[in-house]
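Quick one: the structure is below, questions incoming.
The values are calculated or read from the model by the stated rules, or taken from the named source; none is laboratory data. Keep in mind it's a predicted model, so treat the numbers as computed, not measured. Here the Cβ positions follow ideal geometry from the backbone for every residue, glycine too, while neighbour counts run over all protein chains shown.
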Amino acid sequence: MNPPPVPVYAGQLPRYDAEFYNAGRQKLTKTAEVIIPPRDGRCFTVAAGQFFRIVSVEGAQVGDLNLWNAHDLTERFFSGKTRALHATHVTTGDRLWSTLPHLRPLATITHDTLGWYGWDEDGAGVHDVIGTRCDPYTNFLLHGAHYDFCCHSNLTRALAEERNWRFAEAEPHVHDVLNVFMCTGFTKDTHQYFMKASPVRPGDYLEFYAEIDLLCALSACPGGDCSATHSSDSAACYPLKVEVFTAN
C-alpha cells in the first residue's frame, strides 16, 4: 500500500494575526480611488500599512493583478510560490509572496466577500494563482489572430505610462498574476485549466494590507466574467475600482 500524499511545503508559515488586521480595518479613511476601464489597465501605489480594495462596480468582471516593491521592481509578486505555500486559490489570511531571494509577504488578504464560494461541484474556486494572464502571443499561437488588449498588454502599457518607459522597457517587468474574482479549476479527467462564470457581483471586493510600499497594476480582463472567452471584444466587460485606505 502506497503512503498517502503529503504537502510539498509542510512547515509552519508565520501565523495570520487576524486580531491585528481586523483592528486596523475597523476605521478606514479613503485616500485614493482609481477606476480601471474595461479592457484596460492602470497603476496605483499603496504605502506600507495601508489597505486597498479591488471592487466590482457595474457587472461581473475579472481583474489581473501585478505587485512590485515600489522601490525595486526586481522584487515582485511570485504567484508560483504563493500557490505552493497556500493553495491554487487564495482568500482571507493568505499572503502574496515576493520573488527570490526576498521571499516575503508583499500583501496580505484581509477580507474577501466571495469567501463563501469555497469549492464548487467542478472543483473550481475564486481568486486563482494558476493562470498566468491572457496575452497576445498565446492568442496568436492558438488562433492566429492579433489582439492587443489582453491583460499582459494592458499591464505593460499601464506600467510604461507610470514609469514613462517605452513598451519594450516595461514588458519584462510584467509577471504572472493574481486572477482576482476569476473562477477556475482543473478538469477532473484531463486536469486542464478551466474557467467558468465568476460569481462576483457589484459591491463585492477583495481587500489587502500592504506589507511594504507597493506599486500595483490591475487590468480589467477582456474576458469580462470569463464564462466563455477572453482575448477578444466579444465578452461583456465592466470597469473595476481600486480604493486605497489609511487606518485611523
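If we keep just the residues of region 192-228 that are charged (D, E, K, R) and closer than 20 Å to I36 by Cβ, which is farthest from the chain's Cα centre (by Cα)?
Going through the qualifying residues, I end up with R201.
On to the next question. Being within 18 Å of P14 (Cβ to Cβ) and out of contact with any His (no Cβ under 8 Å at 6 or more places or on another chain) is the filter; apply it to region 79-90 and report the residue that is surrounded by the most Cβ atoms within 10 Å (Cβ to Cβ).
T82
For C237, only one of the following conditions fails: (1) in contact with a Gly (Cβ under 7 Å, 6 or more places away or on another chain); (2) of a type outside the set (S, T, Y); (3) part of a loop (DSSP other than H, G, I, E, B); (4) surrounded by fewer than 23 Cβ atoms within 10 Å (Cβ to Cβ). What is its number?
The single condition C237 does not satisfy is (4).
Are any residues in region 102-117 crowded, with 18+ Cβ neighbours inside 10 Å and of a type in the set (F, W, Y), and if so, which ones?
Y117
Something else now. Do you know which residues across region 203-234 are outside any strand (DSSP E or B) and closer than 27 Å to R76 by Cα?
D204, E211, I212, D213, C221, P222, G223, G224, D225, C226, H230, S231
Among the residues that make up region 62-69, is at least one of them at pLDDT 95 or above and exposed (fewer than 13 other Cβ atoms within 10 Å of the Cβ)?
No; the residues of region 62-69 include none that is at pLDDT 95 or above and exposed (fewer than 13 other Cβ atoms within 10 Å of the Cβ).
Filter region 118-136 down to residues that are touching a Lys or Arg at 6+ places or on another chain (Cβ under 9 Å) and under 13 Å from K196 (Cα atoms) and give me whichever is surrounded by the most Cβ atoms within 10 Å (Cβ to Cβ).
D128
Can you tell me which of (1) surrounded by fewer than 21 Cβ atoms within 10 Å (Cβ to Cβ); (2) in contact with a Gly (Cβ under 8 Å, 6 or more places away or on another chain); (3) among the hydrophobic types (A, V, I, L, M, F, W, C) is the one F140 doesn't meet?
Among (1) surrounded by fewer than 21 Cβ atoms within 10 Å (Cβ to Cβ); (2) in contact with a Gly (Cβ under 8 Å, 6 or more places away or on another chain); (3) among the hydrophobic types (A, V, I, L, M, F, W, C), F140 violates only (2).
Quick check: anything in region 1-19 in contact with a Phe, Trp or Tyr (Cβ under 9 Å, 6 or more places away or on another chain) and surrounded by 13 or more Cβ atoms within 10 Å (Cβ to Cβ)?
For region 1-19, residues in contact with a Phe, Trp or Tyr (Cβ under 9 Å, 6 or more places away or on another chain) and surrounded by 13 or more Cβ atoms within 10 Å (Cβ to Cβ): absent.
Related question: Report yes if some residue within region 91-101 is acidic (D, E), modelled with pLDDT of 95 or more and either closer than 22 Å to Y193 by Cβ or buried (at least 22 other Cβ atoms within 10 Å of the Cβ) (or both); otherwise report no.
Yes, region 91-101 contains at least one residue that is acidic (D, E), modelled with pLDDT of 95 or more and either closer than 22 Å to Y193 by Cβ or buried (at least 22 other Cβ atoms within 10 Å of the Cβ) (or both).
Yes or no, residue by residue, for (1) within 27 Å of R163 (Cα to Cα); (2) surrounded by fewer than 21 Cβ atoms within 10 Å (Cβ to Cβ); (3) basic (K, R):
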{"residue": "A197", "(1), (2), (3)": "no, yes, no"}
{"residue": "L214", "(1), (2), (3)": "yes, no, no"}
{"residue": "S219", "(1), (2), (3)": "yes, no, no"}
{"residue": "C226", "(1), (2), (3)": "no, no, no"}
{"residue": "S232", "(1), (2), (3)": "no, yes, no"}
{"residue": "E243", "(1), (2), (3)": "yes, yes, no"}
